[in-house]
Amino acid sequence: MNQKVIITGASGGFGFLTCHSLVAKGHQVVGTMRSTKGKNEIVAQELNELGVHIVEMDVTDNESVNNGIAEVINHMHGLDVLINNAGVGVLGMQEHYTAEDMQRIFDVNVFGVQRVTRAVLPHLRKQHYGILVFISDLLGRITLPFYGIYNSSKWALEALAENYRTELSRFGIESCIVEPGGYATTFVDNLVQPSDNSRNKEYGRFMHMPKTMFESFEQSIENNIGQKPQKVAEAIADLLDKPYAEKPLRTVVDYMGMADYIEDYNKKLNKITRSIYSAYNMEEMLEVQRSSEWYAH
């Protein structure tokens, strides 16, 4: 079924590739980016020529988000799918990130997701149908050193998505999480460094570890021919093809040996969650309701 889709962070990485994959499947797509000028101008033009309507929207600004979503719905005469893809990463010692640094990361990866999701939900609830897709990360399930603040933001994102799953199921809205591994995209070119360097000397030679680990990680990706970002875009597009109300909560996309472990973890958590909900007579909240019976009163 062809659907009306908005994807944030369309200017690069998974967002740009996903736009291509969705259009190829016949979906009507709107891509958002903070600006269509400067380095994004060529990308915006290419997506526009592909048939993707571009809307300038800053996920860290309430007015920009509300105006942007209104423009999206007006342009497509509706909306079916929101793909929360905009995000920013980090690299550095967790202690060296100030609270303000942390807020900057969360403002995009968590608060920005909440802003955009809140803006589209009145429309989705009214039509009693919709799909929310949250682009997380394997680091939303496990931790690795030197990505601490990013880890925290993605763990928060996972909780946000799970709660939307249960609280919106009665309104016919699906909530899905996509968990990619590490990929070579433009995302890695914009990693946020900590702003406080006053404690560097106290870490001694260990201060070299973030850079050393990241270079090793990049080499591993380069040597793995299966770890191509296009596979994440295809996984997102394939997710939308799955039957209504039967989409998995989590989809892992990784070809570097971690997928099996994370998928096993996800299955166990799903079993635990279902058991707890069942014990408290809330299991129906884990299933998307296909009718309006829940709120007809």
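Some notes on this structure:
- Restricting segment 206-232 to residues that are out of contact with any Phe, Trp or Tyr (no Cβ under 6 Å at 6 or more places or on another chain) and small (G, A, S), the residue that is surrounded by the most Cβ atoms within 10 Å (Cβ to Cβ): S220
- Cβ pairs under 6 Å, 6+ apart, first in segment 1-21 and at positive phi and touching a residue at least 40 places away in the same chain (Cβ under 8 Å), second buried (at least 22 other Cβ atoms within 10 Å of the Cβ) and aliphatic (A, V, I, L, M): G9/A86
- Apart from one condition, P210 fits all of (1) outside any helix (DSSP H, G or I); (2) touching a Gly at 6+ places or on another chain (Cβ under 7 Å); (3) not hydroxyl-bearing (S, T, Y); the exception is (1).
- Applying the criterion of being over 14 Å from the mean Cα position of the chain (by Cα) and assigned to a loop (DSSP other than H, G, I, E, B) to the residues of segment 103-137, the residue that is surrounded by the most Cβ atoms within 10 Å (Cβ to Cβ) is Y129.
- Some residue of segment 138-145 being of a type in the set (K, R), assigned to a helix (DSSP H, G or I), surrounded by 15 or more Cβ atoms within 10 Å (Cβ to Cβ) and under 17 Å from the mean Cα position of the chain (by Cα): no
- Out of Y203, Y150, sole residue that is part of a helix (DSSP H, G or I), of a type in the set (S, T, Y), surrounded by 20 or more Cβ atoms within 10 Å (Cβ to Cβ) and modelled with pLDDT of 95 or more: Y150
- Check on T166, polar (S, T, N, Q) and not in a helix (DSSP H, G or I): no
- Residue ID - nearest to L124 (Cα to Cα), chosen from residues in segment 64-102 that are among the polar types (S, T, N, Q) and within 17 Å of the chain's Cα centre (by Cα): N84
- Y255, sole failed condition from (1) modelled with pLDDT of 95 or more; (2) part of a loop (DSSP other than H, G, I, E, B); (3) over 25 Å from I173 (Cα atoms): (1)
- Qualifying residue in segment 271-282 (condition: in a helix (DSSP H, G or I), surrounded by 16 or more Cβ atoms within 10 Å (Cβ to Cβ), at pLDDT 95 or above and on the phi < 0 side of the Ramachandran plot): yes
- Meets criteria (touching a strand residue (DSSP E or B) at 6+ places or on another chain (Cβ under 6 Å) and either touching a residue at least 60 places away in the same chain (Cβ under 8 Å) or assigned to a loop (DSSP other than H, G, I, E, B) (or both)) for K228: no
One line per residue, one yes/no per condition, for (1) out of contact with any Leu (no Cβ under 7 Å at 6 or more places or on another chain); (2) of a type in the set (S, T, N, Q); (3) modelled with pLDDT under 95; (4) within 25 Å of A24 (Cβ to Cβ):
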{"position": "A184", "(1), (2), (3), (4)": "yes, no, yes, yes"}
{"position": "F187", "(1), (2), (3), (4)": "yes, no, yes, yes"}
{"position": "S198", "(1), (2), (3), (4)": "yes, yes, no, no"}
{"position": "Q219", "(1), (2), (3), (4)": "yes, yes, yes, no"}
{"position": "E222", "(1), (2), (3), (4)": "yes, no, yes, no"}
{"position": "K228", "(1), (2), (3), (4)": "yes, no, yes, yes"}
{"position": "A233", "(1), (2), (3), (4)": "no, no, no, yes"}
{"position": "L240", "(1), (2), (3), (4)": "yes, no, no, yes"}
{"position": "P243", "(1), (2), (3), (4)": "yes, no, no, yes"}
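The values are calculated or read from the model by the stated rules, or taken from the named source; none is laboratory data. Here the structure is a predicted model, which is why all the values come from computation and not from measurement. Because the Cβ atoms are built from the backbone with ideal geometry, glycine has one as well, and the counts that use them run over all protein chains shown.
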